[in-house]
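See below for the structure under consideration.
Just so you know, all these numbers are worked out from the coordinates, no wet-lab data involved. In this text, all values refer to a predicted model and were calculated from it rather than measured experimentally. We place every Cβ from the backbone using ideal geometry, glycine too, and count neighbours over all the protein chains shown.
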Amino acid sequence: MDELELGREFFVMLEQADERIVQQAIAEGCAVCGGPLHHADFARKPRGALIAPEGEELVKRFSLCCGREGCRKRLTPPSLRFLGRRVYLGVVVIVASFVAQALATAHTIRQKTGVPALTVRRWLDWWGSTFIDTEVFVAIRARLIGVDESKLPASIVARLPGTPEQQVRTMLELLWPLTTGSPRDRARFSRGIV
């Protein structure tokens, strides 16, 4: 974690990637009726803890709404910044999880990450159970040979190329189908524009 530098530039890069995803969705139109999509962004209050305080500044979650009367369906495209409905930024969930695997006590986990140890333990349970059952993990395991399920997410990040920042960014890209609620939305964006 000491080598990881998650400054403002890192989060601006993630926000720009999120904007590209939104622009793709706008160009495609409403998946239900084909109508035009308009911004219906909403504010988030993400927590960056000690890992990513710079990320707390970028609080807008991009979302779209169909402009055709009678439809008005909402679309919240995948995001590299937010991991579903979690209060903490996606990068915090990843980094705090693999830091917790290396640390023994709740006090040191909280001291190093700024995230309560119980929260991190819940994330570790998610990595070790629910996450393993996702199509995303199946795809990751097929792509990266030797991923150890008992050491998630660290065993995935360790197999990714590049600097620590690039590894975390790639991990966020691998997880982005999990950041939207609708399976139809996940399929729509599975072409990977990131």
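Here are the numbers for this structure:
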quantity	calculated
Sequence-distant residues sharing a close amide H with VAL115 (under 5 Å, placed H)	LEU50
Cys with no candidate disulfide partner in the chain (beta-carbon separation under 4.7 Å rule)	CYS65
Charge dipole of the chain about the Cα centre (unit charges at C-beta), most positive-ward option of GLY29, CYS71, ALA100	CYS71
Value of relative contact order over the chain, rounded to a whole percent, pairs C-alpha under 8 Å and six or more apart	22
Net charge dipole size for region 1-155 [Lys, Arg +1 and Asp, Glu -1 on Cβ; Debye, nearest 20]	580
For THR179, THR134, THR105, order by how many other beta-carbon atoms lie within 10 Å, fewest first	THR105, THR134, THR179
Gain on full stretching of the segment that runs from GLU56 to GLU173 - 0.36 nm per residue minus C-alpha separation	40.2 nm
Label point distance in nm, ASP125-THR163, each placed 7 Å from Cα along Cα→Cβ	3.7
Inter-label distance for ALA106 and ASP148, nm, one decimal - labels placed 7 Å from Cα along Cα-to-Cβ	2.6
Proximal lysines relative to LYS45, as straight alpha-carbon distance under 29 Å, when same-chain residues fewer than 8 apart are discounted	LYS60, LYS73, LYS112
R0 of 35 Å, Cβ-Cβ distance GLU5-VAL32: FRET efficiency to nearest 0.05	0.25
Other-chain or far-sequence residues with amide H under 5 Å of ARG47's (modelled H)	TYR88, LEU89
Separation in nanometres of the label points that stand 7 Å from Cα toward Cβ, at GLN16 and VAL138	3.5
Residue-averaged [θ]222 nm for the chain, counting only DSSP H segments that reach four residues, each worth -39500 (n - 2.57)	-13000 deg cm²/dmol
